[in-house]
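To start, the structure itself, in C-alpha cells.
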C-alpha cells in the first residue's frame, strides 16, 4: 500500500509560513520551480520553470525556499498515523510512504485503504490518495491516479494490465535519468508503458542499459524494488504514579528521583541526551500542570528533579495547582508525574570540550588574562576556511575577534584531498624523496600522469624528529593535481599523494616543480 500526499513540499512550507493552503505557491531551488501546488498549476506554473517565468504566469505566486529537513519533519506525523494502523512504514520521500497492505486485518484491501484515508483526514491531511497493488511501482501509480481522499486497488495479478494504458511520462519522477529516458521513448514514438513493455528485453537493455531494462520490468508489472521498513522510535517517556496521591512538593520531588534517573539512563542506552523535556503533572486523571523546560547543555537526573520542584512551587502554575495551601503544599493531590523528551540529540555531540567541565565564562576570563599579559595578537584560535591544501584550510584569528575575510568552505575546491583530515600539518614542510622500482624520481607530467609507481620514500629532518630512513610504500593514492598561485609566485602546478609506510603511518606528500615535500601526517 502506497500513500501519496501531493505537493508535500509546498504544503509543509505554507504551514511553516502560516499561509493559506489555497494560495498559489511554489517551492524554489536555485531559482527553479521544484514543486508547485494545484492553484499555481491552474495559472500555468510548471515544475522546472525559472522563477521569472513562473511569476510572469502567476504574479501572486507565493515563493517558498526548498528545505528537505522541513519536509521530512512535517511528514513525520503522517508516518506515525499510518504506523498506528500497520507497523513497518517506509518513507520513500516526504509526501510518499509505503507499507505492507493490511487487508487481512481490516477484511479487504478496500476497507484498509478507506481506514487509512479516514485516519489521515482526521489527522489534518486533506489531500491524501492511496494505491494498493502487487508491487511498489504499480501501487505508486495507482495512488497517483486516485482522486482526493480516495483510493485505487489493483486486483492481484492485474499490475501489467493496469500499467499498459499509462503514459510514459509517469517515469519522470525517477529524476534526471527518468526524464532522459522519457524524452528518448517519446522521440521513438512510444507513448504508453504498454508500448515499452511489448519491446524485446534484450533490445531495450542494449539500447538503454541496465536502467532501461529495469524500467521495462516495471512497465510489465514485474518491479523487483523492495522498501526497508523503519524501526518504530523507542518509547522514551518515563512516569511515576503515587498511591495515594501526594500533596507535598517535598514528597513529590523525593519520589521522582528514581524515575528521573531511569529516564536519563534509558536515553543513554540509546546514546541520546535530552536538551528539552516537558514535565506533566496529573490530578484526577487530568493534566493539571504541563511545562516544557530547556537546558543549555543537557539534562541530568538532578536537573529534572529541580524542574519538578520549581514547576510545582511556581506561582504561575495553572489548574489545580494554583494557590498553595501552605508552603510546600499543593491545592490538589498529584497522582502522576511524567517526563516527556521534546528535544533529544546524540550524546556524542555533547561530550566534554577541550576545557572539560569548566564554564565558558571561566575559560573566557582565563584566556583574556593571558592575552593581556602576552599581547592581543599573541593568543589566537584556529578557524576552518576553504582551500586545497591542509595548511590553506587553516586560519588563525586573535581570541575574541570575529573571523572575517575567510575563504568559503562550501565551494568545490577542485584538487582538494578528501577526508579524513590529517592530524598534523607541518608549518615548514620538510624535504622528501619518492622513487619507483628503478630508483628514479617519481614525477607528475603536465597532464597529471604519474611517471612511475611510488615504491620507496624518505623524509628529511623535521622539527623535533630525526631524518626518516627509506621506507617501502605499502599503499598510495593520488595524484590530486592543482595549479594555483602561478600568477603571484605561488606553488604553480603541483600534485598531492597519500602514502602508507611500512610502519603503518600515513603521510601527505606534495610534488611541486622544485621537488617533493612532506605536508602533513595522519598519525
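The values are calculated or read from the model by the stated rules, or taken from the named source; none is laboratory data. Keep in mind the model is a prediction, meaning the values are calculated, not measured. Heads up, the Cβs are rebuilt from the backbone with ideal geometry, glycines too, and the neighbour counts pull from every protein chain shown.
Restricting attention to the range 149-178, report how many residues are in contact with a strand residue (DSSP E or B) (Cβ under 7 Å, 6 or more places away or on another chain) and not in a helix (DSSP H, G or I). Qualifying residue count for the region: 8.
Checked against the criterion of being outside any loop (DSSP other than H, G, I, E, B) and in contact with a strand residue (DSSP E or B) (Cβ under 9 Å, 6 or more places away or on another chain), the candidates 26, 56 yield just one match: 26. If you go through the range 92-103 and keep only what is touching a strand residue (DSSP E or B) at 6+ places or on another chain (Cβ under 7 Å) and either surrounded by fewer than 19 Cβ atoms within 10 Å (Cβ to Cβ) or without any contact (Cβ under 8 Å) to a residue 12 or more places away in the chain (or both), you end up with just 92. Somewhere in the range 70-90, is a residue touching a helix residue (DSSP H, G or I) at 6+ places or on another chain (Cβ under 8 Å) and assigned to a strand (DSSP E or B)? No, because not a single residue in the range 70-90 is touching a helix residue (DSSP H, G or I) at 6+ places or on another chain (Cβ under 8 Å) and assigned to a strand (DSSP E or B).
Taken over the range 428-454, residues that are touching a residue at least 24 places away in the same chain (Cβ under 8 Å) and either assigned to a loop (DSSP other than H, G, I, E, B) or touching a helix residue (DSSP H, G or I) at 6+ places or on another chain (Cβ under 9 Å) (or both) amount to 8. Checking 365, 411 one by one, the residue that is out of contact with any strand residue (DSSP E or B) (no Cβ under 6 Å at 6 or more places or on another chain), modelled with pLDDT under 80, surrounded by fewer than 16 Cβ atoms within 10 Å (Cβ to Cβ) and farther than 30 Å from residue 505 by Cβ is 365 and no other.
Is it the case that the range 339-349 has a residue that's in contact with a helix residue (DSSP H, G or I) (Cβ under 7 Å, 6 or more places away or on another chain), at pLDDT below 80 and assigned to a strand (DSSP E or B)? Taking every residue of the range 339-349 in turn, none turns out to be in contact with a helix residue (DSSP H, G or I) (Cβ under 7 Å, 6 or more places away or on another chain), at pLDDT below 80 and assigned to a strand (DSSP E or B).
If residue 106 meets every condition in (1) in contact with a helix residue (DSSP H, G or I) (Cβ under 7 Å, 6 or more places away or on another chain); (2) buried (at least 17 other Cβ atoms within 10 Å of the Cβ); (3) in contact (Cβ under 8 Å) with a residue 12 or more places away in the chain apart from one, which number is that one? (3) is the only condition that residue 106 fails. Please work out which residue is modelled with the highest pLDDT, limiting yourself to the range 256-277 and to residues that are surrounded by fewer than 17 Cβ atoms within 10 Å (Cβ to Cβ) and either closer than 17 Å to residue 310 by Cβ or outside the structural domain of residue 299 (by TED's automatic domain parsing) (or both). That would be 257. The single condition among (1) surrounded by 23 or more Cβ atoms within 10 Å (Cβ to Cβ); (2) farther than 25 Å from residue 12 by Cβ that residue 139 does not satisfy is (2).
The condition of being free of Cβ contacts under 8 Å to residues at least 40 places away in the same chain, within 30 Å of the chain's Cα centre (by Cα) and assigned to a loop (DSSP other than H, G, I, E, B) holds for only one of 420, 412, 382, 390, that being 412.
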